[in-house]
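Engineer: Pasting a structure below so you can have a look.
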Amino acid sequence: MSFSKRSFLAASLATLAACGFSPVYAPGGAGDGLRHAILVQEPDNRNEFSFVSQLEKRLGRAQSAPYALNYTIRTRTKGVGITPAQETTRYNLFGIAKYEVIDRATGKSVSSGMVENFTGYSATSLIVGTQSVTRDANERLMVVLADQVVTRLIATSTDWRQ
């Protein structure tokens, strides 16, 4: 590593330290304090199962926790690739997840918000293939939405976490 690269790295680290940067998952960090602290609403369908699985991967599965997370998920599909014969070959899948964190001791809402994103997939001429890629696109979308929710919870947890 050259001298200028080392100097740049040292200056970057010093800047991060000066701005109050601290690792999210370090002991005492915002992310660490949320591990196993949020009981997520039970899923009712395949999309919700994927969403909850990703939340629990990131936050840990809570048995008894000070907070509960309730959510609603909506999706819609829009055809975006259409052939001259009017056959749709490409779809975008849009999703919105609204969430609310409840303090289980008081029953009061401590945080809420909404995240949205989309993913795409190509249709095939085979029904089984189309079902498979549709299911995969839904799962990918649920992972992205769950990750966005976790990011928001970590970013705001110092404001509402006890």
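Engineer: Please state which one of Gly95, Gly31 is at pLDDT 90 or above, within 17 Å of Asp147 (Cβ to Cβ) and small (Gly, Ala, Ser).
Structural biologist: Gly95 is the lone residue from the list that is at pLDDT 90 or above, within 17 Å of Asp147 (Cβ to Cβ) and small (Gly, Ala, Ser).
Engineer: Filter region 62-87 for residues that are aliphatic (A, V, I, L, M) and within 14 Å of Glu100 (Cα to Cα) and give the result.
Structural biologist: Ala68, Leu69, Ile73
Engineer: I'm checking my understanding of the structure. Among residues of region 47-61 that are closer than 21 Å to Phe118 by Cα and hydrophobic (A, V, I, L, M, F, W, C), which one is surrounded by the fewest Cβ atoms within 10 Å (Cβ to Cβ)?
Structural biologist: The selected residue is Phe49.
Engineer: Okay, moving on. Is at least one residue of region 135-149 closer than 24 Å to Leu55 by Cβ, at pLDDT 85 or above and either loosely packed, with under 15 Cβ neighbours inside 10 Å or among the hydroxyl-bearing types (Ser, Thr, Tyr) (or both)?
Structural biologist: Scanning region 135-149, I find at least one residue that is closer than 24 Å to Leu55 by Cβ, at pLDDT 85 or above and either loosely packed, with under 15 Cβ neighbours inside 10 Å or among the hydroxyl-bearing types (Ser, Thr, Tyr) (or both), so the answer is yes.
Engineer: Of the residues in region 49-75, how many are within 12 Å of Gly95 (Cβ to Cβ) and touching a residue at least 40 places away in the same chain (Cβ under 8 Å)?
Structural biologist: 5
Engineer: Going residue by residue through region 14-28, is there one that turns out to be farther than 21 Å from Met142 by Cβ, modelled with pLDDT of 65 or more, out of contact with any Pro (no Cβ under 8 Å at 6 or more places or on another chain) and of a type outside the set (Val, Ile, Thr)?
Structural biologist: Among the residues of region 14-28, not one is farther than 21 Å from Met142 by Cβ, modelled with pLDDT of 65 or more, out of contact with any Pro (no Cβ under 8 Å at 6 or more places or on another chain) and of a type outside the set (Val, Ile, Thr), which makes the answer no.
Engineer: What number of residues in region 151-162 are surrounded by fewer than 19 Cβ atoms within 10 Å (Cβ to Cβ) and at pLDDT 95 or above?
Structural biologist: Qualifying residue count, region 151-162: 2.
Engineer: Sticking with this one: Out of region 83-104, which residues are β-branched (Val, Ile, Thr) and farther than 30 Å from Ala65 by Cβ?
Structural biologist: Thr83, Thr88, Thr89, listed by residue number.
Engineer: Taking region 62-113, which residues are assigned to a loop (DSSP other than H, G, I, E, B) and either surrounded by 12 or more Cβ atoms within 10 Å (Cβ to Cβ) or of a type in the set (Asp, Glu) (or both)?
Structural biologist: Residues satisfying the conditions are Ala62, Ala65, Pro66, Glu87, Arg104.
The values are calculated or read from the model by the stated rules, or taken from the named source; none is laboratory data. Bear in mind the structure is a predicted one, so any value in this text is a computation, not a measurement. Note that each Cβ is placed from the backbone with ideal geometry, even for glycine, and that neighbours are counted across all protein chains shown.
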